[in-house]
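These notes are about the structure you will find just below.
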Amino acid sequence: MKLNFYATLLFIFTLSFASHAQKDIKIEGTIIEEGSNVPLEYATVVIKSNNNNNNNNNNNNNIVTGGITDAKGKFKVEVPVGDYVVSVEYISYQTKTFPNKNYSKNTNLGTIKLALDEESLDEVMVVAERTTVEIKLDKKVYNIGKDLTTAGGTVSDALNNVPSVTVDVEGAISLRGNENVRILINGKPSAMAGFGDSNVLSQLPADAIERVEVITSPSARYDAEGTAGILNIILRQKETLGFNGSVTLTAGNPDNVGVSAALNYRKEKYNLFSNFGWRYFNAPRTSLIDVNYFDTVEDDGSISEPEYRRILENQDVDRIRRNYNTNIGMEYFLSKTSSITGSFFYNFGTDADVGLNNSERFDNSNTIIEETLRRERETEKSDGYQVAVNYAKQFGKDTDHKLTVDFQFEKDKEEAYTYLNEDYLFTNDTDAEAFQIEQETTDEDQKEYLIQADYVLPLGKGSRFEAGYRGNFKNSITDYELDQEDLDTGVLELNEFVSNIFDYDENVNAVYTQYGTKFGKFSFLLGLRLENTQLKGEIDSRLTEEELNDYFGFPIETDFDKNYLGLFPTVNLIYNLNKEDSDIEESITLGFNRRINRPRGRYINPFPSRSSRTNIWQGNPNLDPAFSSTFDLGYLKRWEKFTLTSSIYYQHETDSFERVQENTGQQTTDGIDIIRTIPINLSSNDRTGVELGLMYTPAKWLRLNSSFNFFQFETEGEFNDVDYSSKNTSWFGRFSSKVTLPFAIDWQTSAFYRGPSQDAQTDAEGIFSLDLAFSKEIFNKKGTLALNVRDLFNSRKYKATTTTDFFERYNEFQWRQRQINLSFTYRFNQQLNKREKNSRNRGNGDDDMEFEG
């Protein structure tokens, strides 16, 4: 009896084991596009049972299971042991079917190539509303291609709608309130992002952007430049076979006329791509400066009153911009595993500014005693290009085992001419001295070379080793001349104190290595980067170094060569909290990185700007690089209709840059004190902040999106015996909604508010702006008509008060007034499906480890 009992137990256990074993049979493979070898994400795999006894003729009833491919085109499904027919399907591609076969063990079907179904191409138009944010190990990815409020706008406009990013009234880009952010195009420094500034971004059309990667904890692959982090702008690139593209026309007020086009021609062996843009626009600018001067204490203890107690300046500038840019290139497939890509970018622009600065001067009783009008006419011509070559080699069938080599050369030339003159409109001075006519000429030549190689080696399942080299070599030469009128002869003569040639080099050599792996729910990416930075400058002036020191008021080196060797470790961790069989996605991320902030040419050149006689900008050649260490803890939870992203961060920066304002001790010819703004190295800057992002889609016709960023930073340090230590608390928030109205009209609203802020000398008021947009798909969804209003209430103005021992100054500044744009986009031969996201990932230079949260 006991034997029968144990035999029964053994029989049941054997059946259970057999049943369990059957469930462990796996069928897997990789699906790619035939010809290009591009992995197809979201391709469908269907497993059907070849059950001839099934009396139901509906083949769907024979489906056993199925699945979809991931971002690398890979799939894996589990089935019991048996006979199956496997079919692979993807929209606009020919279905591939594997005939009936007995599957009794784990089977890898290998690489499955799908060919495009040419007959169905013209019939497919699936516009995907993709998730707006993706969380990866070292970045957040924002898809902003569907943002209606930026239609007809520029890349700068689009960036201003990305969470964590702000673009101020002067066009300066900040990440989490920190302006030291590195701008990359497709993963590399580019002439499209401007040579060390963001001017070009205000000229490129927003329609060129596919997505923006906000990299607050960059891995070791990236250049260590940018203490705030990196913004990587990924441009659109269609990869559908044949000829396809889009054309956008824009008209707006104030004057804004433009046309842009993206054209592609794709064959089996090559892909030709191009982007063209032309734009004419007027961006009027206004500013108000109200300065009150204090009494000063002389060395003998006596009180000295200023000649002018108050000076009020109102400036209006008409700014005409004409810009043309083009980017053309070709990717040629040398074999199934290697390709070479060449591209050429060209930008040409001409600017014409006419500025009127009305200045009123008051005595100690606040009575106006003098009024002048300063006229400034400025013309600027910029001409730049970039040549880039990329070679990519895949080893074997593993798409992760690869080598990429990049070479870039950029050249930019800017020529600026400024004519300045000032006349009295009213004065109490019976013997007032006339103002000098001034002419400024600035010629700037910039060159940059980039050499980069990256090697990626997979190490088993879910692990990867990477190593690489990058060399970045920049040179800029600024030739500045100031001619001033001799009031006795009327002849313009060279001002030898100010005229100069500034030759500046920034050379960076770097090697890096990093290792990443994934086991279970935990993933990490560890890296180390070694960089050597050389900052070299030479000032060619007719003055001696001693004369220059007296003129600038602080000692400078006219010929310097500084070298900095630094190690930059990076750590990125992610832990998935997802529960099995749950639709809720949840993860925690932790990042650490060390970064560098290298001073740029404008921050180094000590010769002052001349846009105002009384308020000048002056660089500081004594600036050293700043170094920062940042910790970032993030949390993501995504439900079916609701997504929450959040992070807490802390940054400690040494030798941080701070712009301070001080009295130069010099006066204009009519006795007005000259105030300068100058960047300096402060001893430290501690920044702490928290971010929160919410996305909610309660219905197909409604989508809500909001973000909030609160930060506090504390600086310590002094300059010229003045203590500039301070504590600053500020915040900014965004809210946007997208509503689908009747007749398929989309309505989008976007609101932004930046809270008040303070530093050692300046209190800035809050800024609010509201954007509205409407769009309608027409011509069978091949065309889009969009109307948007940026800054509806014309309230986007910078207002701040600066207080020092010598003066109090109120400043009000509006870089661009309310803008109304109407744009029309027409697309042809485009299949807008999810495959585009996948194909555009190639060659962007970002980290491809799919350890997503």
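The values are calculated or read from the model by the stated rules, or taken from the named source; none is laboratory data. Given the structure is predicted, the values throughout are model-derived calculations rather than measurements. Cβ placement follows ideal geometry from the backbone for every residue including glycine, while neighbour counts extend to all protein chains displayed.
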Next item on the list: Take Tyr280 and decide whether it is aromatic (Phe, Trp, Tyr), farther than 30 Å from Thr404 by Cβ and surrounded by fewer than 22 Cβ atoms within 10 Å (Cβ to Cβ).
Entry: yes
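For region 165-203, what are the residues that are part of a loop (DSSP other than H, G, I, E, B) and modelled with pLDDT of 60 or more?
Selection gives Asp168, Gly171, Ala172, Arg176, Gly177, Glu179, Asn180, Asn186, Gly187, Pro189, Ser190.
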Item checked: Residues of region 60-97 satisfying the condition of being modelled with pLDDT of 80 or more, in a strand (DSSP E or B), exposed (fewer than 15 other Cβ atoms within 10 Å of the Cβ) and under 47 Å from the mean Cα position of the chain (by Cα) -> Lys76, Thr97
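Name the strands (runs of 3 or more DSSP E) wholly within region 713-800 that hold at least 1 residues that are under 25 Å from Thr166 (Cβ atoms), among the basic types (Lys, Arg) and within 25 Å of the chain's Cα centre (by Cα)? So that I can check it myself, show each step before the final result.
Values: elements: 726-741, 745-754, 762-764, 767-778, 783-790.
Result: 726-741, 745-754, 783-790.
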Check: Which of the residues belonging to region 370-399 are acidic (Asp, Glu) and under 16 Å from Asn37 (Cα atoms)?
Finding: Asp398
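Residue under question is Tyr635, and the condition is that it be under 17 Å from Val181 (Cα atoms) and at pLDDT 80 or above; does it hold? Spell out how you get there, then give the answer.
On the way: under 17 Å from Val181 (Cα atoms): no; at pLDDT 80 or above: yes.
The answer is no for Tyr635.
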Checklist line | Ile289 among the hydrophobic types (A, V, I, L, M, F, W, C), at pLDDT 85 or above and crowded, with 17+ Cβ neighbours inside 10 Å | finding: yes
Notebook entry, point to check: Considering region 637-657 alone, what residues qualify as being assigned to a strand (DSSP E or B) and closer than 15 Å to Ile596 by Cα?
Noted result: Gln651, His652, Glu653, Thr654, Phe657
Check: Any residue in region 728-738 that is surrounded by fewer than 16 Cβ atoms within 10 Å (Cβ to Cβ), in the same structural domain as Phe554 (by TED's automatic domain parsing), under 30 Å from Asn620 (Cα atoms) and at pLDDT below 90?
Finding: yes
Next item on the list: Being without any contact (Cβ under 8 Å) to a residue 60 or more places away in the chain and of a type in the set (Gly, Ala, Ser) is the filter; apply it to region 741-756 and report the residue that is nearest to Ala786 (Cα to Cα).
Entry: Ala744
Next item on the list: Please go through region 639-673 and pick out each residue that is modelled with pLDDT under 85 and in contact with an Asp or Glu (Cβ under 7 Å, 6 or more places away or on another chain).
Entry: Glu640, Asn663, Gln667, Thr669, Asp670, Gly671
Next item on the list: Among the residues of region 623-665, count how many are in contact with a helix residue (DSSP H, G or I) (Cβ under 9 Å, 6 or more places away or on another chain) and of a type in the set (S, T, N, Q).
Entry: 1
Note to self: What are the pairs with Cβ atoms under 7 angstrom where one residue, in region 718-740, is under 19 Å from Tyr753 (Cα atoms) and the other, located anywhere, is small (Gly, Ala, Ser) and part of a loop (DSSP other than H, G, I, E, B)? Sequence gap at least six, or different chains.
What the structure shows: Ser730/Gly177; Ser730/Gly755; Trp731/Gly755; Phe732/Gly755
Next item on the list: Select from region 376-434 the residues that are more than 20 Å from Asn347 (Cβ to Cβ) and aliphatic (A, V, I, L, M) and list them in ascending order.
Entry: Ala392, Leu403, Val405, Leu420, Leu425, Ala432, Ala434
Next item on the list: Answer yes or no: is there a residue in region 245-263 that is out of contact with any Cys (no Cβ under 8 Å at 6 or more places or on another chain), without any contact (Cβ under 8 Å) to a residue 40 or more places away in the chain, closer than 21 Å to Asn390 by Cα and surrounded by 17 or more Cβ atoms within 10 Å (Cβ to Cβ).
Entry: yes
Check: Does any residue in region 159-184 that is under 11 Å from Ala228 (Cβ atoms) come within less than 8 Å, Cβ to Cβ, of a residue that is at pLDDT below 70 and of a type in the set (D, E, K, R) six or more places away or on a different chain, and which pairs are these?
Finding: Ser174/Asp168
Next item on the list: Filter region 486-507 down to residues that are in contact with a Gly (Cβ under 9 Å, 6 or more places away or on another chain) and within 14 Å of Pro606 (Cα to Cα) and give me whichever is modelled with the lowest pLDDT.
Entry: Phe502
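Please determine whether any residue of region 662-674 is among the β-branched types (Val, Ile, Thr), surrounded by fewer than 19 Cβ atoms within 10 Å (Cβ to Cβ) and in a loop (DSSP other than H, G, I, E, B). Show your work before the answer.
Residues of region 662-674 among the β-branched types (Val, Ile, Thr): 664, 668-669, 672, 674.
Still in the running and surrounded by fewer than 19 Cβ atoms within 10 Å (Cβ to Cβ): 664, 668-669, 674.
With in a loop (DSSP other than H, G, I, E, B) added as a condition, the list becomes 668-669.
Yes, there is a match, as at least one residue in region 662-674 is among the β-branched types (Val, Ile, Thr), surrounded by fewer than 19 Cβ atoms within 10 Å (Cβ to Cβ) and in a loop (DSSP other than H, G, I, E, B).
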